[in-house]
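The values are calculated or read from the model by the stated rules, or taken from the named source; none is laboratory data. All values reported here derive from a predicted model rather than from experimental measurement. Neighbour counts are summed over all protein chains in view; Cβ atoms, including those assigned to glycine, are modelled from backbone coordinates with ideal geometry.
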Amino acid sequence: METIHKIGRRKTAVARVYLKEGKGNITINKREFENYFPTGTLQYKVKQPLVLTENETTFDITVNVFGGGITGQAEAIRLAISRAMCTLNDENRGILKPEGLLTRDPRMVERKKFGQKKARKKFQFSKR
């Protein structure tokens, strides 16, 4: 089996995932998975597509991720792994799609407008 390469995005985070046969090791930016994502919630998010498709110990995953915060990065990795699982086996699509793991979350930070303090907040108004 050759290496499968997929990209996932969330907010400003971009994750490039390389999937190959192995023992289930996950390396993120040349660091151990548990060191990069210390909290259980983020670890669960990243492993979710592997658990649902029952491939936790089948593949070695190498990830390059940049931009955004750690939550956005975890969700970007989750999307990329989900896409790789669908490439691997078409039956995985029926498992991952109802869970919402193949949907690219389009929500981004709204830009700041001129003449305003922030995106929606205005400067204080004085009538007199």
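On the stretch given as the range 15-28, residues that are out of contact with any strand residue (DSSP E or B) (no Cβ under 6 Å at 6 or more places or on another chain) and among the β-branched types (Val, Ile, Thr) total 0.
Checking each residue in the range 12-31 for being in contact with an Asp or Glu (Cβ under 8 Å, 6 or more places away or on another chain) and basic (Lys, Arg) picks out Lys20, Lys23.
Number of residues in the range 96-106 that are in a loop (DSSP other than H, G, I, E, B) and either among the basic types (Lys, Arg) or surrounded by 13 or more Cβ atoms within 10 Å (Cβ to Cβ) (or both): the value is 5.
Residue by residue, here is whether (1) touching a Gly at 6+ places or on another chain (Cβ under 9 Å); (2) surrounded by fewer than 19 Cβ atoms within 10 Å (Cβ to Cβ); (3) free of Cβ contacts under 8 Å to residues at least 24 places away in the same chain holds:
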| position | (1), (2), (3) |
| --- | --- |
| Phe37 | no, no, no |
| Ile61 | yes, no, no |
| Ile77 | yes, no, no |
| Lys118 | no, yes, yes |
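When Arg111 is tested against (1) assigned to a helix (DSSP H, G or I); (2) at pLDDT 95 or above, only condition (1) is not met. Is it the case, given these coordinates, that Lys20 is closer than 22 Å to Glu91 by Cβ, over 12 Å from the mean Cα position of the chain (by Cα) and basic (Lys, Arg)? Yes: the conditions hold for Lys20.
Among helices (runs of 4 or more DSSP H) lying entirely in the range 1-95, which contain 2 or more residues that are over 27 Å from Val109 (Cβ atoms) and not aliphatic (A, V, I, L, M)?
Numbers: elements: 33-36, 40-52, 70-88.
Where helices (runs of 4 or more DSSP H) fall fully within the range 1-95 and carry at least 2 residues being over 27 Å from Val109 (Cβ atoms) and not aliphatic (A, V, I, L, M), they are 33-36, 70-88.
Answer yes or no as to whether Leu42 is within 12 Å of the chain's Cα centre (by Cα), under 27 Å from Gly94 (Cβ atoms) and of a type outside the set (S, T, N, Q). Steps first, answer last, please.
Values: within 12 Å of the chain's Cα centre (by Cα): yes; under 27 Å from Gly94 (Cβ atoms): yes; of a type outside the set (S, T, N, Q): yes.
Judged against the criteria, Leu42 is a match.
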